[in-house]
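This report refers to the structure that appears directly beneath it.
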Amino acid sequence: MRFVRPFYIPPIETHHFESGSLIMRDGSTAAIRPTEPSDAVMMQQFVDQLSLESRRHRFFSESPPSQNSIAALCHSSDPRTQFTLIVTRIWKGVPHIIAAGSYWARDGQTSEVAMAVDDKFHGKGLGTLLLERLALVAIRRGFTRLWAVTHVDNLAMRDVFRESGFTAHESYEGDGMEVELSLIPTETTVARAELRERLATTASLQMFFRPRSVAVVGASRDPKSIGHRLLEALWTNQFQGTIYPVNPHALEIAGVPAYPSVQAIPKSVDMAIIAVPRQYVSSVIDECADKGVRAVVTITAGFAEVGAEGAELQKQLVEKIRQYGMRMIGPNCFGILNTDPNIQLNATFTTLFPPIGRAAMSSQSGAIGIATLAGARRFHLGISSFVSVGNRADVSTNDLLQYWEEDPATHVILLYVESFGNPRRFGRIARRVSRRKPIVAVKAGRTPSGRRAASSHTAALAASDVAVDALFHQAGVIRAESLDDMLALAAGLSAQPLPSGRRVGIITNAGGPAILCTDACEASGLMIPQLSDGTKATLASFLPSVSALNNPVDLIASATPDQYAKAIETLLSTDEVDALIILYISVTATDTADIAHGIVAGIENGRKAGAKAKPVLISWMAEGDMDRAFRFEKETIPAYHLPETPALVLSKAVSYGEWLQQPPGMVPDFDDLDLSDVRHICADALSRRGAGWLTTEETWNVLNAVKLPAPPSGVAKTADEAAALAKQVGYPVAVKLASHQIVHKTEIDGVRLNLADEEAVREAFDSIRMRLLRENRLEAMEGVLVQPMMTDGVEVMMGVADDPLFGPLIAFGIGGIHLEILSDVQFRITPLTDLDAAEMIRGIKGYRLLTGYRGLPTADLEALEETLLRISRLVEEIPEISELDLNPIFALPPGQGSRIVDARIRVVRPT
Ligand code: COA
């Protein structure tokens with residue numbers, strides 16, 4: 001077993017890489033796609049304008065290639081044979097190829113690769129990006145090696161091979177050099193690809209967050225209009241760069257000179273905010289490109305959110321943006337905001353500017369964005385930057401995550417998510433970012449249930465919100481149920497350290513709030529430990545005798561500032577708690593400001609006594625200026641209104657801290673999988689019968705090819721064959737109808753168990769056959785499956801359902817007939833790491849059934865984990881497998897593995 005990192009990009013994801021955009025080292029973008037025959041003229045022009053040297057390096061001759069060669073480069077319809085990717089940019093309104101890379105199959109495993117980059121675009125990392133994309137496409141088509149021949153003096157190409165991180169083998173002959181690259185992903189290839197993506201994405205977004213000049217296009221004279229309010233917001237919040245209003249119908253706006261077009265602006269423009277009516281957006285983008293603007297924020301609505309026509313317009317905009325080398329936020333967005341005092345950018349249409357702070361936020365809804373910014377004040381939450389992503393036509397939440405990952409001003413990332421563009425990419429990126437900074441997300445809208453025909457157990461169970469839960473869980477993303485929860489969490493996480501354990505101390509001046517807080521803590525898995533006699537004695541030394549000295553420590557209504565201070569210091573100083581919640585409710589006429597001072601003093605003293613790593617949260621149920629009261633020196637203590645809120649914050653913070661403590665987990669690779677066999681079986685089934693269930697024989701062959709624990713079995717077409725097979729596998733046997741058309745075999749009496757001899761087997765075969773004959777369905781009978789009877793072991797199930805957006809979702813649960821009643825199932829998104837597999841098995845409610853509960857045999861957990869990991873690898877490698885049900889699997893005692901008893905696999909043509 002070989003381990004690879006969890007972030008590797010499996011073949012299943014590569015379709016995202018064939019067409020779309022790529023970001024170069026300098027942050028500019030370009031469009032990328034496979035060639036079509038109609039590209040021949042553009043390809044000819046590309047080749048013609050290459051320098052003689054580039055041409056010699058690419059085609060081994062300074063003279064232009066023949067028309068036939070050009071035509072061949074424009075045929076990418078059969079990627080098993082040959083494939084060319086082109087990178088294009090528009091200038092003077094005409095698209096041009098700026099780079100082209102191809103591969104041709106040399107044999108089933110190896111393809112030859114060659115590429116050329118327009119001389120003007122050398123040094124931007126384009127060659128490496130092209131090689132990376134070609135490699136991903138080649139892996140998806142089953143190639144394991146790329147081979148190239150190049151001149152020894154072609155240093156740029158040699159750099160590209162080195163940069164890619166693929167294991168290379170070089171050999172020399174004269175001035176020629178042959179390179180063979182192994183396409184098996186390694187830590188190095190994955191790490192380099194990630195780094196390239198992160199650096200390029202961050203560079204491409206710089207202009208949005210730190211522009212030196214901003215043009216507002218559609219800067220209306222009407223003070224109530226969005227265009228005018230954008231200007232207003234920039235002015236009011238004192239943007240530190242230059243602001244250029246653009247309006248062809250106005251000489252000035254509110255006394256500031258306006259420009260008739262972007263081109264008319266005398267100086268350079270870093271970012272344009274577009275708020276013109278929809279029909280003009282495209283031509284404004286042309287103007288921006290002409291002016292060299294690299295970042296546009298399109299506020300204008302009326303695109304993909306309004307239907308097919310708008311979606312088409314949006315598609316055209318994106319094409320344009322990419323070909324111009326720009327990036328776009330929106331359309332249909334509320335804008336962008338950066339509170340850095342050197343920038344002071346409020347490029348939104350409200351003058352509301354949040355206080356500076358450590359939380360960055362991306363919102364898919366403008367309205368929610370406004371509400372959250374307003375709400376941030378209530379939670380004393382400072383914001384570093386905010387982006388309303390709108391329709392996410394170009395800049396996505398995934399891009400922003402990568403920007404904030406590196407942004408020193410951002411310590412917590414908040415996401416309001418309605419839908420995922422590419423959840424698998426989100427999973428990969430978020431998993432990495434979460435290790436550095438907490439991500440708190442509110443996911444609105446549930447996955448529409450039953451969007452797939454619930455044709456198997458796994459699909460039916462998965463048709464809910466489980467995919468989102470699994471995605472967040474695996475990526476370490478903290479899920480908040482509401483905006484208020486998100487803000488509460490953000491306030492806690494951005495101001496206080498993570499708790500190192502689950503033990504919470506509570507100090508209160510009233511019983512009721514303490515009970516609510518205790519209940520909320522315990523319900524969410526926190527502990528309220530009893531205090532030691534020593535600590536109780538310390539508390540007794542300064543508290544009245546009627547106080548409750550155990551946890552929660554009740555200072556009673558007469559609590560004084562000094563008692564608060566001393567109690568806080570005492571609990572912070574003990575090693576009996578990992579976090580502290582302070583509750584205060586104004587029950588008497590005490591001066592709340594004095595109490596606040598007492599609390600601050602207690603925390604300060606506790607910190608001085610060494611309790612630095614313990615988070616402290618407050619529930620302040622009183623009037624008073626909390627902002628002033630709980631912000632001191634370098635520390636802010638979040639104060640909430642309700643006593644349950646600190647419990648919620650701490651419980652999520654603890655879980656996040658525990659996630660951080662875990663090693664990242666590894667995705668194992670198995671060297672005994674016969675994937676080409678599986679590919680062949682699936683392709684054959686698809687070409688013969690189209691999408692649908694594999695036959696029984698095909699199914700068991702797939703399981704055997706990837707060494708899943710299938711018992712010795714076989715499909716018999718006659719009673720004689722059945723008898724022979726039964727003898728081979730050993731009595732007693734089970735005989736089951738083999739049919740990919742009849743899903744529920746028990747309903748037609750197609751399952752016969754415990755057959756002890758040949759006579760019983762023959763009788764079973766004949767009666768199953770007769771039953772189908774009587775029902776006129778004999779053609780559905782492929783034969784019968786003969787397998788040994790399984791008696792021992794605990795029944796579990798494993799399965800896979802393919803979510804159209806999230807990809808394969810893998811399930812583990814207690815199997816057999818209990819599955820549907822108990823729904824005791826854990827889901828994860830593939831690829832599974834070793835830790836995911838272990839956690840899934842231990843995460844089901846019925847886990848005790850696998851550990852020797854009431855005389856049941858203990859299960860071989862290691863073998864179950866390995867089976868899950870093999871299934872994960874199978875479905876990652878073979879995107880044709882859309883559903884898989886292994887139910888039941890008999891989990892046998894340690895060292896004996898498990899046995900799959902029933903199996904079904906469904907295949908579809910991957911999109
Ligand atoms: N370049 C520059 N300015 C232009 C222009 C161009 N090509 N074409 C028109 N303008 C100017 C107009 O002259 C006008 O200024 P004026 O009022 O001084 O004459 C200004 O741009 C706005 O044009 P107008 O026709 O009044 O548009 P509008 O204000 O009715 O609508 C939008 C423009 C963008 C606000 C509107 O199309 C829209 O999309 N609204 C919804 C936005 C939204 O909700 N976004 C999502 C938020 S979450």
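The values are calculated or read from the model by the stated rules, or taken from the named source; none is laboratory data. The structure presented is a predicted model; accordingly, all values stated were derived computationally and were not measured. Don't worry about glycine lacking a Cβ; one is built from the backbone with ideal geometry, like all the others, and counts go over all protein chains shown.
Values computed for the structure shown
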quantity	calculated
Flag if ALA289 is in contact (Cβ under 8 Å) with a residue 24 or more places away in the chain, out of contact with any Leu (no Cβ under 8 Å at 6 or more places or on another chain) and among the small types (Gly, Ala, Ser)	yes
Positions within segment 298-312 being buried (at least 17 other Cβ atoms within 10 Å of the Cβ), within 12 Å of the ligand (Cβ to nearest atom) and part of a helix (DSSP H, G or I), in sequence order	GLY310
Residue in segment 204-223 that is within 33 Å of the chain's Cα centre (by Cα), β-branched (Val, Ile, Thr) and within 16 Å of the ligand (Cβ to nearest atom) present	yes
Selection from segment 361-415 of residues that are within 16 Å of the ligand (Cβ to nearest atom) and among the acidic types (Asp, Glu)	ASP394
Any hit, segment 167-177, residues being under 33 Å from the mean Cα position of the chain (by Cα) and outside any helix (DSSP H, G or I)	yes
Residue in segment 839-858 that is touching a helix residue (DSSP H, G or I) at 6+ places or on another chain (Cβ under 8 Å), closer than 30 Å to ILE139 by Cα and crowded, with 22+ Cβ neighbours inside 10 Å present	yes
Qualifying positions in segment 196-209 - surrounded by fewer than 19 Cβ atoms within 10 Å (Cβ to Cβ) and under 15 Å from ILE329 (Cβ atoms)	GLN206
Of residues in segment 148-180 being touching a residue at least 24 places away in the same chain (Cβ under 8 Å) and over 22 Å from LYS124 (Cα atoms), the one surrounded by the fewest Cβ atoms within 10 Å (Cβ to Cβ)	ASP175
Subset of segment 337-351 [surrounded by fewer than 17 Cβ atoms within 10 Å (Cβ to Cβ) and modelled with pLDDT under 95]	THR351
Set ARG212, ARG221: member being farther than 30 Å from GLN279 by Cβ, among the basic types (Lys, Arg) and surrounded by fewer than 20 Cβ atoms within 10 Å (Cβ to Cβ)	ARG212
Matching strands (runs of 3 or more DSSP E) fully within segment 656-750 where at least 3 residues are surrounded by 20 or more Cβ atoms within 10 Å (Cβ to Cβ)	714-716, 733-738
Condition met for VAL190 (near the ligand (Cβ under 9 Å from one of its atoms) and not hydroxyl-bearing (Ser, Thr, Tyr))	no
Filtered residues of segment 249-264 (kept if in a strand (DSSP E or B) and either within 17 Å of ALA289 (Cβ to Cβ) or away from the ligand (no atom under 11 Å from the Cβ) (or both))	VAL256, PRO257, TYR259
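Conditions (1) in a helix (DSSP H, G or I); (2) over 25 Å from GLU697 (Cα atoms); (3) over 27 Å from the mean Cα position of the chain (by Cα), marked per residue:
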site: ALA811; (1), (2), (3): no, no, no
site: GLN826; (1), (2), (3): no, yes, no
site: LEU849; (1), (2), (3): yes, yes, yes
site: GLU865; (1), (2), (3): yes, yes, no
site: ARG870; (1), (2), (3): yes, no, no
site: VAL875; (1), (2), (3): yes, no, no
site: GLU883; (1), (2), (3): no, no, no
site: ARG906; (1), (2), (3): no, no, no
